[in-house]
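Novice: This structure is in structure tokens; I'll ask about it shortly.
The values are calculated or read from the model by the stated rules, or taken from the named source; none is laboratory data. Fair warning: this is a prediction, and the values are worked out from it, not measured in the lab. As a convention, Cβ positions derive from the backbone with ideal geometry for all residues, glycine included, and neighbour counts pool all protein chains shown. SASA here: full protein model, heavy atoms, side chains in, ligands and nucleic acids out. Shrake-Rupley method; radii C 1.70, N 1.55, O 1.52, S 1.80 Å.
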Amino acid sequence: MALHLEMRVRSSKSTTLDYLRLDFSLENQTSRALTLPGPYDLTDALTLVIYNTDGEMCRLINGITRQVMSSSGRVDERPDLVDLLPGETWEWFWDTVGYHYPLAAGEYRIQGIYTYQDLRAVSSIEDLVIMAEEVESLVAVRDNPVMDGLTLLIGASLGGESRLLLRQHGYQRPLSAWYSEPLDLNTGAELPFLASPAYFRTDSFEHFFERWLIVPEGGRVEARRYCWGRASGERFQADLPASGRLLRVASCPETGPLKLYFLDENNALRVLNFDRTGLHECYRYPLPHHARSTAPAIRADCDHLHLAIPDHGIYYAMLTHGGDCIVERHLYRTRLLPVQWDINPERRTIHALFRGGRHDRVLELVELGPELDQACCYRLDGLSLRGDIAEIDFAWDDKQRYHLLLSTSRNQLYYLEQGHGPVRIAQGEHRFYPRVVLSSSVYLGCYRKEFGYRFLEFQRQHGRPRIVDYEEV
């Protein structure tokens, strides 16, 4: 044979939250140089074939699937050709994190196949077991320091063992991920949270993949820096103030210390600098009297700190980084109770959701900004769904239409788009951790035990709803 292909699976037992990691080697066994698609080629020259226990092919993973899962643009089928010399062997590592979804729970057999023109090489077949892993918590943070991204901090457990994973998606098409790594820390009573970049820089892309993780534990707090989901070794810690509470939000400026946010016993927001020298107060801002029971949504950018405070609606404040207040006003008023409020850093808007009560089906969906007097509100009265609303996430598109993903007390997950009736997306889970992502298409993030946590692409063809099946790619 002209070519000899070997494949090694780094772990024959994995979970629904893990991506396959493999080592490949390709040897030229001829006496002449061969011009072939190289290790970094993004065509289907090297294809990982997945078979179920009945021997049926159930998935293909290759460079074409990577292009399809990470971009909505046209597929580029031009090979990246490199000379493989006589007797030479290419060796490379393949992480399928950017190529496809993690596999569903089950038993599989996998094989690597390399083909180019009239050359063909196949690896041995390896057995693989994928176990269903429970998702116990999920935090999603969107930011755009150079690209629009969505970072997930996933708390998971399997067989009584808990762990945390850090996964980063491109917001424009979150079907695949940039990376997904288990973190080197234990899940304590208080879950860690992520610091959001408070700057925009275009001289490099590397800072997009850097994240600071804030780890509170007892009366102390620690900051750890990660690059591509892996610990960089940079870390520091400090004692927390004796009274008040640490808010689960932090900012990372381009230069200087991290910013932590603390509510003291007088309901004042304390902005704290955090670095190797410890915690040092930068300034205080007194919150409105009626906002004592709820924490504000906080976002920092290059110039300002923005606060969205639930207070009989939404109260907005914009401060300089020195603590001077520039804007302070009510942007929206309602008698309904706040359920969700956040600041969208890409659209420069505030999203808020209000409802009448736990068993009330009245919802108000609100988008405020980017100008102070701009407001879009939609009121939903009496949703025709069985069971109480358990979880909810929503987003507005560019045409100011809402997209709503909610679960019910009957373990059903529904998607609602303005002008259309509800579509059931999944069922059977106590928690789905719903997340709506709007870009050139609609992506619905949800947890299902058999499949792990995935973003599903939702489309309407000729008026009929469907989830795109990328197992057929």
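Novice: Taking the alpha-carbon centroid of each part, what is the distance from region 120-188 to region 66-83 in angstrom?
Specialist: Cα centres, region 120-188 to region 66-83: 23 Å.
Novice: Where does the charge balance sit around His403 when Lys and Arg score +1, Asp and Glu -1, over other residues with C-beta under 10 Å from its C-beta?
Specialist: Net charge around His403: -2.
Novice: Among Gly233, Ala317, Ala156, pick out the residue whose Cα is farthest towards the positive end of the charge dipole of the chain, where Lys and Arg carry +1 and Asp and Glu carry -1 on C-beta, about the Cα centre.
Specialist: Ranked along the dipole, the leading option is Ala317.
Novice: Next up: Please give me the summed charge of the neighbours of Arg424: other residues whose Cβ is under 13 Å from its Cβ, Lys and Arg +1, Asp and Glu -1.
Specialist: Once all neighbours under 13 Å are counted, the net charge is +3.
Novice: So the label point goes 7 Å from the Cα of Asn267 along Cα→C-beta, right? Which residues of region 305-320 then have their backbone N under 14 Å from it?
Specialist: Output list for this probe position: 309-313, 315.
Novice: Could you list the chymotrypsin sites (Phe, Trp or Tyr not before Pro) in region 159-231 that lie in coil according to DSSP, counting only those with at most 12 other Cβ atoms within 10 Å of their Cβ?
Specialist: Phe205
Novice: Moving to a separate point now. So for region 211-324, averaging the separation of alpha carbon pairs under 8 Å that are six or more residues apart and normalising by length, what relative contact order in percent results?
Specialist: Relative contact order here is 14 percent.
Novice: Grab the other residues whose beta carbon is less than 12 angstrom from that of Trp228, score K and R as +1, D and E as -1, and report the net. The partial results should precede the final answer.
Specialist: Working: positive: Arg167, Arg211, Arg225, Arg230; negative: Asp95, Glu181, Glu206, Glu210.
That sum, taken over residues with Cβ under 12 Å, equals 0.
Novice: Kindly sort Met131, Met318, Met57, Met69 by accessible area of their heavy atoms, largest first, with the probe set to 1.4 Å.
Specialist: Largest accessible area first, the residues go Met57, Met131, Met318, Met69.
Novice: Under the definition of Cα pairs under 8 Å and six or more residues apart, what whole-number percent is the relative contact order of the chain?
Specialist: Worked out over the chain, it gives 10 percent.
Novice: Would you work out what percent of the accessible area of the chain, with all protein chains in place, is carbon or sulfur (probe 1.4 Å)?
Specialist: Its accessible area is 45 percent carbon and sulfur atoms.
Novice: Report the charge-dipole magnitude of region 262-388 in Debye, nearest 20, computed about the Cα centre from +1 at each Lys and Arg Cβ and -1 at each Asp and Glu Cβ.
Specialist: The dipole of region 262-388 has a size of about 460 debye.
Novice: If you put +1 on each Lys and Arg Cβ and -1 on each Asp and Glu Cβ, how big is the dipole of the chain around its Cα centre, in Debye rounded to 20?
Specialist: That gives the chain a dipole magnitude of about 1420 debye.
Novice: Radius of gyration and Dmax for region 82-130's Cα atoms, expressed in Å?
Specialist: Computed over the Cα atoms of region 82-130, radius of gyration and Dmax are 14.3, 42 Å.
Novice: So how much accessible area does His403 have, in Å² to the nearest 10, using a 1.4 Å probe?
Specialist: The accessible area of His403 comes to roughly 10 Å².
Novice: Run the paramagnetic zone check for Ser72: 7 angstrom along Cα to Cβ, then residues of region 369-403 with backbone nitrogen under 12 Å.
Specialist: Within reach of a label on Ser72: 398.
Novice: Further question: Which one, Gln412, Gly63, Ile110, projects farthest toward the positive side of the charge dipole computed for the chain from Cβ point charges (K/R +1, D/E -1)?
Specialist: Gln412
Novice: Please report the orientation-averaged projected area of region 130-238, defined via the convex hull of its C-alpha atoms, in nm².
Specialist: 7.7
Novice: With r as the distance between the Cβ atoms of Leu81 and Arg379 and R0 = 41 Å, compute the FRET efficiency 1/(1 + (r/R0)^6) and round to 0.05.
Specialist: 0.10
Novice: Let me ask something else about it. Subtract the Cα-Cα distance of Glu450 and His207 from 0.36 nm times their separation in residues, and report this length gain in nm to one decimal.
Specialist: Length gained, Glu450 through His207: 84.1 nm.
Novice: Using the 2.2 N^0.38 Å rule of thumb for compact globular proteins, work out how the chain stacks up: its C-alpha Rg over that value, please.
Specialist: 1.08
Novice: Order the peptides 149-157, 6-14 from the highest to the lowest mean number of other Cβ atoms within 10 Å of their residues.
Specialist: Working: 149-157: 20.8, 6-14: 14.8.
So the order, starting with the most tightly packed, is 149-157, 6-14.
Novice: Test of understanding: what is the full-extension gain from Glu107 to His430, defined as 0.36 nm times their sequence separation minus their Cα-Cα distance? Before the final figure, lay out the partial values.
Specialist: On the way: separation 323, 0.36 × 323 = 116.28 nm, distance 2.52 nm.
Here the answer is 113.8 nm.
Novice: Here is a follow-up. At a Förster radius of 45 Å, what calculated FRET efficiency corresponds to the Cβ-Cβ distance of Cys282 and Ala33, to the nearest 0.05?
Specialist: The computed FRET efficiency comes out at 0.10.
Novice: Taking a temperature of 10 °C and a viscosity of 1.306 mPa s, what whole-number D in µm²/s does Stokes-Einstein yield for region 65-151 with Rh from Kirkwood over alpha carbon pairs?
Specialist: 90
Novice: Enter the accessible area per residue of region 143-215 (Å², integer; probe 1.4 Å; all protein chains in place).
Specialist: Spelled out: the 1.4 Å probe surface of region 143-215, per residue, equals 35 Å².
Novice: So, one more: If all Cα-Cα distances of region 267-356 are sorted into 10 Å bins from 0 onward, what percent lands in each bin, rounded to whole numbers?
Specialist: In order of increasing distance, the bins hold 16, 48, 29, 7, 1 percent.
Novice: Provide the percentage of antiparallel DSSP beta bridges, counting only those with both residues in the chain; round to the nearest 5. Write down the numbers at each step before the final one.
Specialist: Details: 163 of 169 bridges.
The antiparallel proportion sits near 95 percent.
Novice: Please give the residues of region 84-115, grouped as numeric ranges, whose backbone N is less than 16 Å from a label point set 7 Å along the Cα-to-Cβ vector of Glu56.
Specialist: 104-109
Novice: Next question. Would you mind listing how long region 343-449 runs along its three principal axes, going by Cα atoms, in whole Å with the largest first?
Specialist: 41, 30, 23 Å, listed from the longest principal axis down.
Novice: Something else about it: Expressed as a rounded percentage, what relative contact order does region 153-205 have, with Cα pairs under 8 Å and six or more residues apart?
Specialist: The normalised contact order for region 153-205 reaches 28 percent.
Novice: If the only charges are +1 at each Lys and Arg Cβ and -1 at each Asp and Glu Cβ, what is the size of the charge dipole of region 200-308 around the Cα centre, to the nearest 20 debye? Display every interim value, and only then the final one.
Specialist: On the way: 15 positive and 14 negative charges, 61 e Å.
The dipole of region 200-308 has a size of about 300 debye.
Novice: Then there is this: If only Cα atoms are counted, what is the Rg of region 12-87, and what is its Dmax, in Å?
Specialist: Expressed in Å, the Cα Rg and Dmax of region 12-87 come to 15.3, 44.
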